[in-house]
Amino acid sequence: MKIVCRILPFVMLVTFATSSYAGQQEDLMKLKNTTIDLINALVKEGVLSASRAKTLIADAERKAETEFKEKEKKEAEGTRDVVRIPYVPKFVRDKIREQVRSGLRKDVVADVMARAKKERWGIPGALPDWTRRFKLKGDFRLRFEGDYFSPDNNPTAYYDWQTINEKGGLFKAGNKVYLNTVKNVNRLRIRMRLGIDAKIANNFKAGIRLATGNPKDPVSTNQTLGQYAQRYNLSIDQAYLKYDYINPEGYPSMTLLGGRMPNPWFSTDLVYDHDLNFEGLASQFRFGLPGNHNVPEQDKRLRSLFLTLGAFPVQQTSRYTDKWLFGAQFGTDLKFEDQSHFQFAVAYYDYKNIQAVPNDYGSVESDWSAPRFMQKGNTTARISNDVNELNKNPRLVGLASKFKILNLTTKYDYAGFAPVHLMLTADYAKNLGFNQQEVNRLNGSNIKDQTTAYRVKFTLGRPGIKKHGDWQVYFGWRYVERDAVLDAFTDSDFHLGGTNAKGWVVGSKFGLTKNTWTEVRWLSADEITGPLLGIDILQVDLNTRF
C-alpha cells in the first residue's frame with residue numbers, strides 16, 4: 001500500500017500534466033504511453049490488481065477530458081475581445097477613410113468650433129491688446145465724368161485766378177490764364193479713401209485717413225486717370241483726436257475734436273463741399289429733450305438740442321497775419337415715433353483776415369493776404385503793387401469782401417411710407433460781411449451786393465444704399481450769388497466749382513450688392529451775372545465701401 005500511495009500522486013500529476021498540454025498531440029501520446037506502461041508494471045509486480053489499474057486509467061482519462069474541455073471553453077471566451085485584422089488593400093482603406101470622414105465631418109467641425117470658442121482661437125480676446133484697438137475702413141469710387149460747355153460761352157471771359165497767383169501774374173500764366181469754358185472734356189476718375197480708427201482709452205480715439213487727389217485742392221479727392229502711368233498722390237486727409245463724454249443716459253453729451261477732422265457742422269455742400277475737412281478745434285454739446293417714451297433707447301439722443309463751436313486756422317505763417325475761421329451753430333435734432341427725423345440749425349461762420357490787403361508801392365509785405373486756394377466767382381482785388389504794374393495785369397489777387405456767413409439748414413426725413421422715405425433738405429446762406437463801399441474801393445469797379453445763396457433738394461427712396469435693390473432718386477435746385485459764400489470751400493462739382501451759379505441737379509442711386517451701388521447725376525448750371533457760362537456735367541459712378 002505504501003508503494004501505491006507513492007505512485008498515485010505521481011499518476012495524478014502525470015494526468016494533470018497530460019490535460020494541461022492536451023493541445024500538443026506529441027507530448028500527450030508520450031505521457032499517456034508512459035503512464036499506462038507504469039501501471040502495467042505495477043500490476044505485474046502485484047502491487048495493483050488488474051481491475052484497480054483499469055479503474056485508475058479510466059478515471060485519469062475522464063478527468064483529463066473534463067479539464068481539457070474546460071480549458072478550451074475558457075480560451076474561447078478569452079478570445080472574444082481580440083480583433084483579428086486581415087490584410088486590407090489600399091483602395092479599400094481609402095474608401096473606408098472617405099466614408100468615415102464624410103460621416104463624421106459635421107460632428108468633428110462642431111467639436112472643433114466648440115473648442116475654438118471655448119479656447120478663444122483667433123478672436124480679439126486671444127490676440128494682443130493693441131490689435132483690438134484698430135478699426136480699418138475705406139471706400140472706393142470709379143467715375144466717368146463728362147463736362148459739356150455751352151457753344152455760346154466766351155473763351156476769354158473768365159480768368160483762372162488760382163493759376164495766375166501760382167505763376168506770379170497774368171503774363172507768366174501764359175495760355176493758362178483763362179479757365180476752360182468751351183472745350184468739352186470726358187474723363188475717368190477714381191477716389192480712394194482708407195481710414196483707421198484707433199481706440200486709445202474709453203471714449204477717446206484717434207482717427208487717420210489717407211485719400212487720393214491733389215494735395216493742394218481741399219474740396220476734391222478725385223484722381224483723373226491718364227497720367228502716362230505715373231503714380232498717384234496719396235495724402236493725409238484726416239488726422240485728429242476725439243473724446244466723447246457719455247452721460248448717464250448712454251449717449252455722448254459732449255464731443256471734443258482736435259486736428260484735421262471731418263466736417264463738424266450740420267450742413268450741405270452749399271457752404272462746404274462734402275470732401276472738405278477742417279483743421280483746428282471743435283466741440284459739440286447735446287442737451288436732451290423730453291419726448292415720447294415709445295422711441296427706442298438708441299434713438300433718445302436724437303431728441304435733443306445741440307451747440308457746436310469751432311476755431312480753425314485757415315492760413316498760418318510765422319511772420320504775417322494769420323487767417324482764421326470761427327464758427328458757432330445751434331440746432332435741434334428730433335426723431336419721432338414713426339422714425340421720421342427732423343433737424344434744424346442756425347450757424348454763423350466768421351472768417352478773420354480773409355480780405356485782400358493791397359501792398360504799398362513796391363512792397364510785398366501784404367502778399368500773405370492772397371488765398372492759397374480759389375475756385376471762381378468771388379469778387380477779387382489786386383494785392384500786388386509792383387513797379388509798372390497795372391490793374392489789368394496784377395501779379396497777385398485776393399478777395400475783395402469780408403465773409404461773415406449766416407447759415408440756416410434744415411432736413412426732414414418722413415418715414416410714413418417706410419421702407420421708402422421722403423426727404424426734404426433746404427439750406428440758406430447770407431454773407432453779412434459784404435460792404436459795398438469797401439469792396440468797390442478794393443476792386444476799382446462798381447460791384448453790387450450779391451450775397452445770397454439757397455439750395456433745396458427732394459429725395460425719394462431709402463435713406464442709405466446698403467444692399468441689392470436699395471434705391472433713391474433726387475432732384476435739387478440751387479442759387480449761389482457771387483459773394484454769398486467763400487468760393488474756395490463750396491461744392492466743386494456744380495458749375496465746376498465756385499459761386500455765381502444757378503441751376504439744377506437730378507440723379508439716382510441703385511444698390512448692386514452689399515455695400516456696392518451705382519449713381520448717375522446730371523448737373524446743369526449757368527452764371528447769374530457776367531458773361532455767359534453754361535456748363536452741363538454728367539457723372540456715372542460705381543461706389544463701394546468696406
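The values are calculated or read from the model by the stated rules, or taken from the named source; none is laboratory data. Quick caveat, the model's predicted, so the values are computed rather than measured. Cβ atoms come from the backbone with ideal geometry, glycine included; neighbour counts cover every protein chain shown. Areas reflect the complete protein model, heavy atoms only, side chains present, ligands, DNA and RNA absent. Shrake-Rupley method; radii C 1.70, N 1.55, O 1.52, S 1.80 Å.
Restricting to region 474-488, and then to whatever is in contact with a Gly (Cβ under 6 Å, 6 or more places away or on another chain) and open to solvent by 10 Å² or more (accessible area, probe 1.4 Å), can you tell me which residue is farthest from residue 351 (Cα to Cα)?
Among residues in region 474-488 that are in contact with a Gly (Cβ under 6 Å, 6 or more places away or on another chain) and open to solvent by 10 Å² or more (accessible area, probe 1.4 Å), the one farthest from residue 351 (Cα to Cα) is 474.
With the structure loaded, tell me whether residue 152 is at pLDDT 95 or above and either farther than 19 Å from residue 534 by Cβ or open to solvent by 90 Å² or more (accessible area, probe 1.4 Å) (or both) or whether it fails that test.
When the stated conditions are applied, residue 152 passes them.
Taking the options 429, 484, 488, 418, name whichever one is in contact (Cβ under 8 Å) with a residue 12 or more places away in the chain, hydrophobic (A, V, I, L, M, F, W, C) and more than 18 Å from residue 276 (Cβ to Cβ).
Within the list 429, 484, 488, 418, the selection yields 418.
Conditions tested, residue by residue: (1) in contact (Cβ under 8 Å) with a residue 60 or more places away in the chain; (2) open to solvent by 60 Å² or more (accessible area, probe 1.4 Å); (3) part of a loop (DSSP other than H, G, I, E, B); (4) among the aliphatic types (A, V, I, L, M).
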{"position": "215", "(1), (2), (3), (4)": "no, yes, yes, no"}
{"position": "233", "(1), (2), (3), (4)": "no, yes, yes, no"}
{"position": "250", "(1), (2), (3), (4)": "no, no, yes, no"}
{"position": "256", "(1), (2), (3), (4)": "no, yes, no, yes"}
{"position": "280", "(1), (2), (3), (4)": "no, no, no, no"}
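Here is a list of conditions, (1) modelled with pLDDT under 95; (2) part of a loop (DSSP other than H, G, I, E, B), and residue 245 meets all of them except one; can you say which number that is?
(2)
Name the one entry in 454, 428 that is among the hydroxyl-bearing types (Ser, Thr, Tyr), open to solvent by 70 Å² or more (accessible area, probe 1.4 Å) and more than 27 Å from residue 148 (Cα to Cα).
None of the other options fit; the residue is 428.
For region 421-448, enumerate the residues that are assigned to a loop (DSSP other than H, G, I, E, B) and modelled with pLDDT under 95.
Within region 421-448, the first condition is being assigned to a loop (DSSP other than H, G, I, E, B), and the residues that meet it are 432-435, 444-448.
Once the filter is applied, which keeps residues that are assigned to a loop (DSSP other than H, G, I, E, B) and modelled with pLDDT under 95, region 421-448 yields 444, 445, 446, 447, 448.
Could you say which residue among 302, 270 is open to solvent by less than 30 Å² (accessible area, probe 1.4 Å), under 25 Å from residue 455 (Cα atoms) and modelled with pLDDT under 95?
It is 302.
Return the pairs, sorted by first residue and then second, in which the second residue is at pLDDT below 95 and aromatic (Phe, Trp, Tyr), the first residue lies in region 182-202 and is open to solvent by less than 60 Å² (accessible area, probe 1.4 Å), the beta carbons are less than 6 Å apart, and the residues are 6+ apart or on different chains.
198/134
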